[in-house]
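Taking it in order: structure first as structure tokens, then the write-up.
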Amino acid sequence: MATALTSENVHDAWSALMKEVRTAVLLTVRNGRPFGSHVPYLFGSDWTRAYLHLSRLALHTQHLSVDPRLSLFMAEPDGPEKNPLALRRINLQGEAVVLSPDAPSHGAIKERYLERFPQAEMMFGFGDFALWELRLENSHFVLGFGQAFTSTADTPARWVHQKVERVATGKD
């Protein structure tokens, strides 16, 4: 029997995935339907805050300006030797706001972002780009078969195993 994972184990797995995978799929709302874009990201101290450097000319930024609801999805890279159904992946939901250049955290976040993505330095000089803060409320993290966990922003360090409820069929 496999050993049950603790919240600390799950947090360590989340942290490893975030270091390994530098881009995510940002899902915004376009005309009432999901719209996906590929974006580089930076997380705060836990999964409840993420930061994107977005151009207001991009469709996903225009969508967020109208409807700030979003989902952010990351997954480990697939490969021929891997079972695609067992890949580690996380789906986060929340809302986005522009991070004001006057915000006390702006300078530190910009510095951390440029450490992770030095190629973005030139874009910080463009007037149409801004840092956006994703205020994430819910997470669903899959580590493999039978290893799905949820967490909320109220208790971000607490990961709860997702139990699949058995549907009564009348046939046992």
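Checking the condition assigned to a loop (DSSP other than H, G, I, E, B), hydrophobic (A, V, I, L, M, F, W, C) and loosely packed, with under 14 Cβ neighbours inside 10 Å, which residue from Leu85, Leu57 passes? Spell out how you get there, then give the answer.
Details: Leu85 fails: assigned to a loop (DSSP other than H, G, I, E, B).
Within the list Leu85, Leu57, the selection yields Leu57.
Return the residues of region 88-98 that are out of contact with any helix residue (DSSP H, G or I) (no Cβ under 6 Å at 6 or more places or on another chain), touching a residue at least 40 places away in the same chain (Cβ under 8 Å) and either surrounded by fewer than 16 Cβ atoms within 10 Å (Cβ to Cβ) or not small (Gly, Ala, Ser) (or both); say none if nothing qualifies. Break it down stepwise before answering.
Kept after step one, since they are out of contact with any helix residue (DSSP H, G or I) (no Cβ under 6 Å at 6 or more places or on another chain), are these residues of region 88-98: 89-95, 97-98.
Of the ones still in play, those that are also touching a residue at least 40 places away in the same chain (Cβ under 8 Å) are 89-95.
Scanning region 88-98 gives Arg89, Ile90, Asn91, Leu92, Gln93, Glu95.
Of these, Phe129, Phe141, Phe117, which one is under 15 Å from the mean Cα position of the chain (by Cα), modelled with pLDDT of 95 or more and hydrophobic (A, V, I, L, M, F, W, C)?
Values: Phe129 fails: under 15 Å from the mean Cα position of the chain (by Cα); Phe117 fails: under 15 Å from the mean Cα position of the chain (by Cα).
Among Phe129, Phe141, Phe117, only Phe141 is under 15 Å from the mean Cα position of the chain (by Cα), modelled with pLDDT of 95 or more and hydrophobic (A, V, I, L, M, F, W, C).
Residues being of a type outside the set (S, T, N, Q) and loosely packed, with under 10 Cβ neighbours inside 10 Å: count how many of those fall in region 112-126. I'd like the intermediate steps shown before the answer.
Narrowing region 112-126 to residues of a type outside the set (S, T, N, Q): 112-118, 120-126.
Retained after the next criterion (residues that are loosely packed, with under 10 Cβ neighbours inside 10 Å): 115, 118, 122, 125.
Counting residues in region 112-126 that are of a type outside the set (S, T, N, Q) and loosely packed, with under 10 Cβ neighbours inside 10 Å gives 4.
For region 45-54, how many residues are within 11 Å of the chain's Cα centre (by Cα) and either among the aliphatic types (A, V, I, L, M) or surrounded by fewer than 18 Cβ atoms within 10 Å (Cβ to Cβ) (or both)?
From region 45-54, those within 11 Å of the chain's Cα centre (by Cα) are 46-52; that's our starting set.
When the remaining residues are screened for being either among the aliphatic types (A, V, I, L, M) or surrounded by fewer than 18 Cβ atoms within 10 Å (Cβ to Cβ) (or both), the result is 46, 50, 52.
Here the count works out to 3.
Please go through region 30-39 and pick out each residue that is within 16 Å of the chain's Cα centre (by Cα) and either outside any strand (DSSP E or B) or surrounded by 16 or more Cβ atoms within 10 Å (Cβ to Cβ) (or both).
Applying the first criterion (within 16 Å of the chain's Cα centre (by Cα)) to region 30-39 yields 34-39.
Residues satisfying the conditions are Ser37, Val39.
Evaluate region 63-81: report whether one residue or more is over 29 Å from Asp154 (Cβ atoms), of a type outside the set (Gly, Ala, Ser), more than 15 Å from the chain's Cα centre (by Cα) and surrounded by 14 or more Cβ atoms within 10 Å (Cβ to Cβ).
No, that holds for no residue.
Within region 99-131, which residues are touching a residue at least 12 places away in the same chain (Cβ under 8 Å) and charged (D, E, K, R)?
Lys110, Arg112, Arg116, Asp128
The values are calculated or read from the model by the stated rules, or taken from the named source; none is laboratory data. Not measured: the values here are computed from a predicted model. Reconstructed Cβ throughout: ideal geometry from the backbone, glycine too, with neighbour counts over all protein chains shown.
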